[in-house]
Structure formats: C-alpha cells, structure tokens
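Participant: First the structure, which I've put down as structure tokens, then a few questions once you've had a look.
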Number of protein chains: 2
Amino acid sequence: MEAAASRASLSRLSLNQITTKRWSVREAAEGCLRAGIPYVGLWRDKVAETGLEESARLVREAGLEVSSLLRGGMFPAATGAERMARLDDNRRAVDEAVALGTDVLVLVCGAAPDRDLDAARGMVEEGVERLVPYAAEAGVKLGIEPFHPSLMTERSVIVTLAQALDIAERFDPGRVGVAIDVYHVWWDPNLYPQIARAAGRILGFHVNDWLVPTYDPLLGRGMMGDGAIEIRRIREAVDAAGYAGPIEVEILNPKIWEKHGDEILEQIKERYAAHV
Amino acid sequence: MEAAASRASLSRLSLNQITTKRWSVREAAEGCLRAGIPYVGLWRDKVAETGLEESARLVREAGLEVSSLLRGGMFPAATGAERMARLDDNRRAVDEAVALGTDVLVLVCGAAPDRDLDAARGMVEEGVERLVPYAAEAGVKLGIEPFHPSLMTERSVIVTLAQALDIAERFDPGRVGVAIDVYHVWWDPNLYPQIARAAGRILGFHVNDWLVPTYDPLLGRGMMGDGAIEIRRIREAVDAAGYAGPIEVEILNPKIWEKHGDEILEQIKERYAAHV
C-alpha cells in the first residue's frame, strides 16, 4: 500500500535533466528508473553527447516518458542570415523531439541583439510564426517559456506569462502554448489571472525555488522549500487551469550539481511531496 | 555661450547621493557646486551622520535644491507592533524631508516577511494609507518607487509601475505619486502605456543602466551608456507624460564608489548629455 501511494504521489514527477547536470542521458534514465520517477525532461546538449538514437533507446528501455525537450528559441539576432540559421536549428530541435518521443519543445525565446526591445520582441514573434508550420507537421507543440526579467539580457525578452500568451494565442492551442516555471513567474502581480487565462495552453510546469538572498539570477535557483516561492499555490492554480501533465523539477545550481545524482533525486522526491 | 549651454543642459540634473557613497553630505554639496549640478537627492543615513540641521544648511549654502529624500517605506513586517514602528519611522522621514526643504519622500515599499505576497502587498497599501495624512499635513508627497522583480525578497513587493499606480491612484495626485527608476522598470512590456498613465503623478525620475552580464541585482548598476537600457526613450516618454522635474543619477556600484567623487561627477555630466 505504501509503495502504491508513493508511486501515485510521484505520478506527475519529471526530472529535468539540468538538475543532475553531471549525469549523462544514460545515468539520468537509470537514476529515474531506480528512484521511481516516471518522466524526464531532456536537454539537447546532453542528447547530442550521447547521440540522438541512443538517447531515445536508453529512455525508452528505462520505461520513462519524455516530458519535454529543451530548448528551442533564441530567435532574435542582428542579421537576417543569423536569424535564418537559428530557425534551422529550431527545426532540428523539432526533429529531435520527435525522435525522443516527446511532443513538447520548450522555447527560450532569446535576448535582444542590441538595446531595441521592441525589435527583438518582433523577431521572437516572427521566429515562432515561421517555426509553427514545421512543428505542427511533425506533431510537436511549442511551449513558450516566459523568463524572469533579471535574465532579459541573457535569455529572453519574453518576461511575463501575459507576453507569452499574447504570442501563443495567435495560434491554435494544439500548436503553441506556454511552459510555466515558478522561478520565472512567481513575482508577477498578474500571475494568477494569467494562469487562468492560460487554460488549454499549458504545455509544461517547472518547479524549483527563489533563494534569499539572491546570488545569481541564472545559477542561483534553489530546491523546493529552500526559498520564497508559494510553490503549492502556483501548482494548484496551474491544476485549476486544467493542466494535469508532468511537473518538471528544473534547478540550475552548482552547489546542487556537486552532489551525487541519486542523492539529488531522493531530495527531489521528499521536497516534491512536501512543497509541490 | 558654451558655459550657458552647458548650464542649460544640466538644469534638471540631480546627484543622488548614493552614487558618491564615500562622500558625506558636505562633500556631496560642495562637489555639486563645483560641478554645476543644481540638485541633490539625499539619503537619510548620510543625513543622520552629518546631522539634520547641518545637512540642510550645507545644501542651502551650496545653492542646491533637494530633489528628494530617500527613503521611506519598508512597510511589511511580521507583527503589528513592528509595522507600527515602521510607520513611526516613516513619519520621522517626512519631518526630515521638510527640514531638508524637499517635498518628495521616495518610498521603497519593502519585502514580504514570509512567502505570502498578497499579505505583504496589503501591508504596503495599509502603510501608505496610514502615512498619507501625516505627509499631506507636512506638504510632503509620497513617491512610490516600483523595484525590479529580482529585488522582491530584499526591497519591495511592488515590482511594476502598474502596481505602484494602482496604489497611488487611490489618493489625490498632490499627495501620492510614483518615482520611476529606469533600472527597475526597463524590462516591463507595459512600460510605455504605464508611463503615460502616470501623467500628473510622476514625482521623480532616476537614471543609471543595466549591465550585461548582470552580476548583482542590488549593487551591479551601471553608468548611463554602459548597459542595455533605452534610457533616452524612457526619458522622452516621462517628459511626454508631463514630467519636467529633476532627473536623479542613482548608481549603486562598488566599482564606481571606489573612484574620486569629482571624477564620478564629471562622468555623470558627460554620460547624461550623451544618453539621457
């Protein structure tokens, strides 16, 4: 009974691979199998190290489902040629998602190549628009992930859920949606109305925590329960918007990466039960 | 002629005292006089070091106007007694503003004492509401300064201009307005509509820059022109909303603080002319 309850409580849990950065795809797949974690979110650089077909085989043989592939996006660039090269790379990401057996490609939309934010936002919209037909043909949905405003110059000019939805709503809900990461959205005074607005378009939900004091916007993310975010309240709002899919634990933090992967997974399960 | 043109171009320039952190009130006043900078924004801790009356005298004798006093706010706290103590401290800040000859007290609203952001936001609204009658009686306006979302756990749960205006608009425009700092608001996809909405309530405008890469949300602010912010575009929007008051240069950055104050002021004048 206890084992069944434990399995039920983990039924939506996904290890986003960056959380165990030192592990290869093989190690992550085997680790999830040992820990009873049913989903894994894969990163393209790790998949490339192992090889695409080998990665797909390893994950399949471990009985895991791939919750998403990270990441597409990075649309804005100074020249048209560079933007075209990035679009090509996004198409390859779509192909990789198909090969890995996931129908969700998460988009980190990209920073501005100069000070002109409006132009960069326009390049994001154009990039999504150009990618959609290819992704739709392949049966892959695009999940626009709004990023924390502190990462605007490094990662994304799309910094609110409202912005992400403004783009997504130009397309069919079966083609473009959003990925919601608590770290990136928790500060937003419009968060809960925008989560409700996202109903039918939520393609992914990522959990971690905002550490206090904040020491690095990119790599200072915390384990659930170690920071300031009302994680459960956000998860309940995402559920209330109809999302019942996997919940990825995605933590970028060198202090966590130093630990053994199995140890990280045990802590994830404990904190997931207590705080998500 | 050149000197006259230079004086005209500096007519709105204010040295926010934190930018020359190593200077006392006396040194800042004398430095501004030497540099031809007509305004100074004072900090309460520096004023306390020099003494309130002495600070007022030094600034007056240098022929400077005080653009604002920083800072009031910090309303949320875990207990009612502590919130009351903070309200008392805010009333003292109002008295100090009067003594220093400025009618603007800038409010840094404060962080949440726990994970409950809604409760903390409520404490901010309550704090402003309780402070208004005292400030109005003294002829001091309260300028709510929205802070960058990366500083939510350290400085303020009010992180957008829209939030600040939602509170300010509950009061007469002659009593409560907003202070707009480019660093805190530049990322906001709703920035320009909200600046337009702020017409008649803009009580201060602060300039600096967002450095890339970002190395510290609190102390990593840059000199105008060294970072990613479209400063002139924001200044023009603020002007278009009818603000014609002082423009404070406010930079928290230990690398700048190391320099001699006169050198900082010369760079400010040059960068102000080129980028603001």
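The values are calculated or read from the model by the stated rules, or taken from the named source; none is laboratory data. All values reported here derive from a predicted model rather than from experimental measurement. Note that we place each Cβ from the backbone using ideal geometry, even for glycine, and neighbour counts take in every protein chain shown. In case anyone asks, the SASA skips ligands and DNA or RNA and just uses the protein heavy atoms, side chains included. Shrake-Rupley method; radii C 1.70, N 1.55, O 1.52, S 1.80 Å.
Participant: With the structure loaded, tell me whether A:R26 is open to solvent by 70 Å² or more (accessible area, probe 1.4 Å), touching a helix residue (DSSP H, G or I) at 6+ places or on another chain (Cβ under 8 Å), of a type outside the set (F, W, Y) and closer than 29 Å to A:I167 by Cα or whether it fails that test.
Facilitator: No.
Participant: If I ask for residues that are under 20 Å from A:L13 (Cβ atoms), in a loop (DSSP other than H, G, I, E, B) and more than 18 Å from the chain's Cα centre (by Cα), which ones from region A:211-240 would you list?
Facilitator: Answer for region A:211-240, where residues must be under 20 Å from A:L13 (Cβ atoms), in a loop (DSSP other than H, G, I, E, B) and more than 18 Å from the chain's Cα centre (by Cα): A:G225, A:D226, A:G227, A:E230.
Participant: To continue, here is another question. What do you reckon, is A:E154 within 14 Å of chain B (Cβ to nearest Cβ), in contact (Cβ under 8 Å) with a residue 40 or more places away in the chain and among the charged types (D, E, K, R)?
Facilitator: The answer is yes for A:E154.
Participant: Note down all Cβ pairs under 7 Å where the first residue falls in region B:223-251 and is within 14 Å of chain A (Cβ to nearest Cβ) and without any contact (Cβ under 8 Å) to a residue 24 or more places away in the chain, the second is among the hydrophobic types (A, V, I, L, M, F, W, C) and outside any loop (DSSP other than H, G, I, E, B), and they're at least six residues apart or on different chains.
Facilitator: From region B:223-251, the pairs are B:G227/B:W210.
Participant: If we scan region A:225-238, do we find a residue that is within 24 Å of A:R22 (Cβ to Cβ), in contact with a strand residue (DSSP E or B) (Cβ under 6 Å, 6 or more places away or on another chain) and open to solvent by less than 10 Å² (accessible area, probe 1.4 Å)?
Facilitator: no
Participant: Tell me which residues, restricted to region B:29-51, are surrounded by fewer than 16 Cβ atoms within 10 Å (Cβ to Cβ), over 12 Å from B:D262 (Cα atoms) and in contact with a helix residue (DSSP H, G or I) (Cβ under 8 Å, 6 or more places away or on another chain).
Facilitator: Within region B:29-51, just B:E49 meets the criteria.
Participant: May I ask you to say which residue of A:A62, A:A77, A:A81 is without any contact (Cβ under 8 Å) to a residue 40 or more places away in the chain and surrounded by 15 or more Cβ atoms within 10 Å (Cβ to Cβ)?
Facilitator: Checking each option against the conditions leaves just A:A62.
Participant: Counting only residues that are surrounded by fewer than 24 Cβ atoms within 10 Å (Cβ to Cβ) and modelled with pLDDT of 95 or more, give me the helices (runs of 4 or more DSSP H) lying completely in region A:98-200 with at least 2 of them.
Facilitator: The qualifying helices (runs of 4 or more DSSP H) are A:117-138, A:161-168, A:191-197.
Participant: Right, something else. Being within 12 Å of chain B (Cβ to nearest Cβ) and more than 19 Å from A:K259 (Cα to Cα) is the filter; apply it to region A:201-215 and report the residue that is least open to solvent (accessible area, probe 1.4 Å).
Facilitator: Residue satisfying both the conditions and the ranking: A:W210.
Participant: Continuing with the same structure: Restricting to region A:239-271, count the residues that are under 26 Å from A:R22 (Cα atoms), surrounded by 22 or more Cβ atoms within 10 Å (Cβ to Cβ) and of a type in the set (F, W, Y).
Facilitator: Final tally of qualifying residues: 0.
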